[in-house]
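Working notes for the structure below.
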Amino acid sequence: MNHEVIEARIKELKDNYQAGQAQLRSLEAQQKDLQQTLLRISGAIQVLQELIDQPLQAAGPDAQPNVMHLAR
């Protein structure tokens with residue numbers, strides 16, 4: 001291989017490396033955003049679950065869910 005071919009290949013590889021680094025940073029940012037979204041969803045699930053469970057706990061272990069009262 002001559003010197004010019006090697007230099008061209010080095011430049012191509014460096015360009016590919018930089019593009020890969022940029023893509024990796026983008027994916028890491030997306031991962032962080034998704035983790036925050038999942039954390040918010042998890043929190044919302046927990047709050048809603050507590051709202052469902054709260055009336056049952058206050059009424060005692062033999063209480064029926066409010067939905068059952070409506071069905072009667």
Discussion item. Could you go through region 23-41 and let me know if any residue there is of a type in the set (D, E, K, R) and more than 27 Å from the chain's Cα centre (by Cα).
Written reply: no
Worksheet entry | Filtered residues of region 1-36 (kept if modelled with pLDDT under 95 and among the hydroxyl-bearing types (Ser, Thr, Tyr)) | none
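The values are calculated or read from the model by the stated rules, or taken from the named source; none is laboratory data. Computed from a predicted structure; not experimentally measured.
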